[in-house]
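Asker: Please find one structure pasted underneath; my questions will follow.
Just so you know, all these numbers are worked out from the coordinates, no wet-lab data involved. Please read all numbers here as calculations on a predicted model, not as lab measurements. A quick note on method: Cβ atoms are made from the backbone with ideal geometry, for glycine too, and the neighbour counts reach across all protein chains shown.
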Amino acid sequence: MIPSVLPTYNRAPLTFVKGEGSWLIEDDGRRFLDLGAGIAVNALGHANPALVEALTEQAGKLWHTSNLYDIPQQQALADKLVDTTFADTVFFTNSGTESCELAVKMARKYFYEKDQPERIDIIAFEGAFHGRSHAAIAAAGSEKMTKGFGPLLPGFKHVAWGDHDGLHAAINETTAAILIEPVQGEGGIRPLPDQCLKGLRDLCDEHGILLILDEVQCGMGRTGKLFAHEWAGIEPDIMMVAKGIGGGFPLGAVLASEEAASGMTAGTHGSTYGGNPLACAVGAKVMDIVADPAFLQDVNRKAGQLRQGLEGLVSSHPEVFEAVRGQGLMLGLKCKAANTDVVAAGYEAQVTTVPAADNVVRLLPALNISDDDIKEALSRLDAAATQVEQAMQKA
């Protein structure tokens, strides 16, 4: 019989019932150090007091009215995002997948209104992950994402990661936009070099097309800047945001310049729940904390501490690990052993991590993880690696 919860996940046999900062408490009382943060969602840890207060205060006032009316909390969060980013305008969603849908629509509608309706093609990259809706899987293009769900939404071209010649060849008179993650998450923690992101911006300007950045996973302080593209000193035309922006509460957004958003007039898009008072009250508090330069400076300090420890881990376990990759507190351990074995051994050592493509284990801790918890995390990862080594020796 099919279970009551649709079995689309191979879930670990763990049932967490409580969270405290960077820790998760299992139903049986065991405490796990959380280096996954709900896949980069719990940017400020579990049950963060400031977020609990913001949510509780709003919950006692008003939960939902719909976008038929002005929502003060939505306006406040939009103003914070506009004031601190490239964007002139913001549309709020409930997830990264929804943000992808709007980003695609916005790019195509822009050219339609410019009397260039033939410009519908969006260039995306091998290894990408943009969500699981039809537009998002068409953008990713991999067999893993698309098999069995055809016919796929047309209008997407795919270029191999790092293939500059292929990228130039893919641009023609039907191209509307280039869509890319500044740091691939699901694809194996692959950062795009700053010079390449600058080159993409120049290429889009040269051909009069839009640059869409997917910062769903790498945004909101994850790389040590509020958004990852800031390291390259460029600005996108459209940007997808989600995960960390809600600190654990479902919230996403599409940020855009006034020009890129010019086709999105009344009636062209909507969301019943998007930008509801609860989500935006929490999101505004997340922004207050994460956008603080002192907070981001501390993220970079902790990232250096964690990365140094991980480099030592790779040196100590050369049969298990190959290298450390990533930026800020979005790090990956490239494995020689099966990454799933490393994740499973982590469960035994009571530390949670997240697998990714290219045989990588993702480390996405809360941005406010303590120095002591970083040391403990490294100790538990060391224990997990030792367990994997012992299993390899017995095999």
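Asker: GLY162's amide H: which non-local residues (gap 5+, or another chain) put their own amide H closer than 5 Å, with H modeled 1.01 Å from N in plane and none for Pro or chain starts?
Answerer: none
Asker: What percent do you get for the relative contact order of the chain when only Cα pairs under 8 Å and 6+ apart count?
Answerer: On the way: 794 pairs, mean separation 90.8, N = 395.
Once divided by the residue count of the chain, the mean separation gives 23 percent.
Asker: Quick one: Cα centre-to-centre distance for region 232-278 and region 338-385, in angstrom?
Answerer: What the calculation gives is 31 Å, centre to centre.
Asker: Using only the Cα atoms of region 276-317, build the gyration tensor, take square roots of its eigenvalues as a ≥ b ≥ c, and label the shape rounded, prolate or oblate: rounded if a/c is under 1.5, else prolate if a/b is larger than b/c, else oblate. Intermediate values should be presented prior to the final figure.
Answerer: Details: a/c = 8.81, a/b = 2.56, b/c = 3.44.
Since a/c reaches 1.5 but b/c is at least a/b, the shape of region 276-317 is classed as oblate.
Asker: Is the shape of region 32-143 rounded, prolate or oblate, going by the alpha carbon gyration tensor and its root eigenvalues a ≥ b ≥ c, with a/c under 1.5 for rounded and a/b larger than b/c for prolate? Write down the numbers at each step before the final one.
Answerer: Details: a/c = 2.49, a/b = 1.38, b/c = 1.80.
Since a/c reaches 1.5 but b/c is at least a/b, the shape of region 32-143 is classed as oblate.
Asker: Additional query: Over the chain, what is the percentage of antiparallel beta bridges among all DSSP beta bridges, to the nearest 5? All intermediate terms of the calculation are to be shown ahead of the outcome.
Answerer: Working: 32 of 48 bridges.
Here the antiparallel bridges make up roughly 65 percent for the chain.
Asker: Please arrange GLU259, GLU181, GLU235 by how many other C-beta atoms lie within 10 Å of their C-beta, fewest to most.
Answerer: Starting with the residue having the fewest Cβ neighbours, the order is GLU259, GLU235, GLU181.
Asker: Under the rule a/c < 1.5 gives rounded, and otherwise a/b versus b/c splits prolate from oblate, where does region 116-218 land using the Cα gyration tensor? Walk me through the intermediate numbers first.
Answerer: Details: a/c = 1.84, a/b = 1.12, b/c = 1.64.
It comes out oblate by the Cα gyration axes.
Asker: I'd like to know which of GLN327, PRO191, LEU55 lies farthest towards the positive end of the charge dipole of the chain, counting +1 on Cβ of Lys and Arg and -1 on Cβ of Asp and Glu.
Answerer: It is LEU55, whose Cα lies furthest towards the positive end.
Asker: Ranking ILE71, ILE245, ILE2 by Cβ neighbours within 10 Å, fewest first, what do you get?
Answerer: Ranking ILE71, ILE245, ILE2 by Cβ neighbours within 10 Å, fewest first, gives ILE2, ILE71, ILE245.
Asker: Let me ask you something else. Got a sec to turn the phi values of region 145-152 into Karplus ³J(HN,Hα) couplings, 6.51 cos²θ - 1.76 cosθ + 1.60 with θ = phi - 60°, whole Hz, x for Gly and Pro?
Answerer: 7, 10, 4, x, 10, x, x, 7
Asker: Let me ask you something else. Roughly how tilted is helix 49-59, in degrees to the nearest 10 and between 0 and 90, from the longest Cα axis of the chain?
Answerer: Approximately 50 degrees, to the nearest ten.
Asker: Now, a different point. Which of TYR9, ALA284, ALA357 sits closest to the plus end of the dipole of the chain, meaning its Cα is farthest towards the positive end, when Lys and Arg get +1 and Asp and Glu get -1 on the C-beta?
Answerer: TYR9
Asker: Compute the signed sum of charges (Lys and Arg +1, Asp and Glu -1) over the other residues within less than 15 Å, Cβ to Cβ, of ASN94.
Answerer: Values: positive: ARG132, LYS243; negative: GLU98, GLU101.
For residues surrounding ASN94, the net value is 0.
Asker: Now, a different point. Let me understand the chain better: what is its radius of gyration from the alpha carbons, and its Dmax, in angstrom?
Answerer: 21.0, 67
Asker: Something else now. Give the cross-link partners of LYS109 among the lysines, using a straight C-alpha distance below 24 Å as the criterion and excluding same-chain residues fewer than 8 apart.
Answerer: LYS157
Asker: Hey, which lysines would be in cross-link range of LYS61, C-alpha to C-alpha under 20 Å, not counting anything within fewer than 8 residues on its own chain?
Answerer: LYS285
Asker: While we're looking at this one, here's another question. Please order ILE180, ILE234 by the number of other Cβ within 10 Å, starting at the fewest.
Answerer: Ordered from fewest to most neighbouring Cβ atoms within 10 Å, ILE180, ILE234 come out as ILE234, ILE180.
Asker: Another question, then. Taking a 25 Å limit on the Cα-Cα distance, which of the listed pairs LYS114/LYS144; LYS147/LYS336; LYS18/LYS375; LYS18/LYS334; LYS334/LYS394 fall beyond it? Please report the intermediate quantities before stating the final value.
Answerer: Values: LYS114/LYS144 36 Å; LYS147/LYS336 28 Å; LYS18/LYS375 22 Å; LYS18/LYS334 30 Å; LYS334/LYS394 22 Å.
In this structure, LYS114/LYS144; LYS147/LYS336; LYS18/LYS334 exceed 25 Å between Cα atoms.
Asker: By a straight-distance test (C-alpha under 17 Å), which aspartates and glutamates pair with LYS105 as possible cross-link partners, with residues fewer than eight away in the same chain excluded?
Answerer: GLU113, ASP115, GLU118, ASP121, ASP214, ASP237, GLU258, GLU259
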